[in-house]
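Undergrad: Here it is, the structure, as structure tokens.
Only the coordinates and a few stated rules stand behind these numbers; no lab work does. Here the structure is a predicted model, which means the values were calculated and not measured. Backbone-built Cβ (ideal geometry, glycine too); neighbour counts: all protein chains shown.
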Amino acid sequence: MLSTRALVRGLQAGLWRRVSTSTSALAAHGHSSAVDVVDCSVPQYNNRLDTPLPDIPFITNLTPEQKTLKEKEKDAWTKLSKEEKLALYRLSFELSYAEMKKGSDEWKTVLAGFFFFLGFTGLLVWWQRIYVYGDVPHTLSPEWVEKQTQRMIDMRVNPVHGFSSKWDYEKKQWK
Amino acid sequence: TQSSAVVETILSCCRPQYHSPLAARCYSHGKQETDEEFDARWITYFSKPDIDAWELRKGMNTLIGYDLVPEPKILDAALRACRRLNDLASAIRILEAVKDKAGPHKEIYPYVVQELRPTLSELGIPTPEELGIDKA
């Protein structure tokens, strides 16, 4: 869906460093970004802690420099510089174990969105209370409640532990 | 009688035979593989002179699937297999996987690297720490 893609792009640019999409993964391989589908009929690369060596290397279309580096790999590795060794690692693997295990700040965005919508809902409820709801019944008016309370005391409602037990009948006041 | 002999034979293969009290698996019957046999089997696997890339991947992924950290001897054979296959990246990946397998037991990985140090120096394999990929 175009809208979800735009949303992901916006989040990638602004907030989350690593919201991965199939498009971005394929683009790194050298596939055109127009290809949005993954070919599941061929072995796929994956970043998994329990699969240290995936079926294919991460980058398969090598530039000429990368090809020469691969040729140099056939010789003694002691001759390779640290940068070359790192480059060889990155050719085969997208994410290191540390990068795989790293968390993201996504939870902050989720929590912020949660509170935002909670607040927005609160505003809607407030508006509704003012503009949609009518007046409260007359039986909740202070005068009515006063008469009602007096009647409950006279009836001895819940005299043992409840309502009337809180009323001091001698002093005619609340305990 | 013949029938009791047959029964005896059948029952004899079901009796447990203990080679090592610390064997990892508890089968109801059959031989239990010792740690040494396990190690030897895997060293032999990775030491195959003409091991191919698929076998290396399959072996490592299977080994990492077990509930154990492989012995340095096995890892040494695996690293040398990477050398035969001209695959430095996989060698580094193996070290990363070992550190991950150790989990909360932080003393295991330095011990393994210490044991493998001669091989790492000989083959020119850097540790993930030396390349800086141990921190994200």
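Undergrad: Checking the table A:K82/B:K58; B:K58/B:K99; A:K79/B:K48; A:K108/B:K101; A:K74/A:K102; A:K79/B:K101 against a 21 Å threshold on Cα-Cα, which pairs fail?
TA: Those over the limit are A:K82/B:K58; A:K79/B:K48; A:K108/B:K101; A:K74/A:K102; A:K79/B:K101.
Undergrad: List every residue whose amide H lies under 5 Å from the amide H of A:W167, counting only residues 5 or more places away in sequence or on a different chain, with H placed 1.01 Å from N in the peptide plane.
TA: Correct list: A:K175.
Undergrad: Could you work out the Kirkwood radius for segment A:49-134, taking every pair of different alpha carbons, averaging 1/r and inverting it, reported in Å?
TA: Evaluated on segment A:49-134, it is 17.9 Å.
Undergrad: Work out how much length B:R84 to B:S121 would gain on full extension: take 0.36 nm times their residue separation and subtract the Cα-Cα distance, in nm to one decimal.
TA: That works out to 11.7 nm of additional length.
Undergrad: Output the peptides B:86-99, A:156-169, B:29-42 sorted from most to least packed, where packing is the average of other Cβ atoms within 10 Å over each peptide's residues.
TA: Ranked by mean Cβ neighbours within 10 Å, highest first: B:86-99, B:29-42, A:156-169.
Undergrad: Please list, by residue number, everything in segment B:112-136 whose backbone N is under 11 Å from a paramagnetic label point 7 Å out along Cα→Cβ of A:K101.
TA: B:134-136
Undergrad: Rg/Rh for segment A:113-175 to two decimals, with Rh computed the Kirkwood way over all alpha-carbon pairs.
TA: Radius of gyration relative to Kirkwood radius: 1.31.
Undergrad: Under 17 Å Cα to Cα from A:K171, which lysines show up? Leave out anything in the same chain fewer than 8 places away.
TA: Within the straight-line limit of under 17 Å, A:K171 reaches no lysines at all.
Undergrad: What's the extension gain from A:N47 to A:Y131 if we count 0.36 nm per residue and subtract their Cα-Cα distance?
TA: So the extension gain works out to 24.8 nm.
Undergrad: Pop out the ³J(HN,Hα) list for segment B:110-116 in order, Karplus 6.51 cos²θ - 1.76 cosθ + 1.60 with θ = phi - 60°, rounded to Hz; leave Gly and Pro as x.
TA: Residue by residue, segment B:110-116 yields x, 5, 4, 4, 4, 5, 8 Hz.
Undergrad: Around A:D154, under 14 Å between beta carbons, what's the net of Lys plus Arg minus Asp minus Glu among the other residues?
TA: Cβ neighbours under 14 Å give a net charge of +3.
Undergrad: Moving on to the next point. How compact is segment B:35-136 by the rule of thumb for globular proteins, expressed as Cα Rg over 2.2 N^0.38 Å?
TA: This ratio for segment B:35-136 stands at 1.00.
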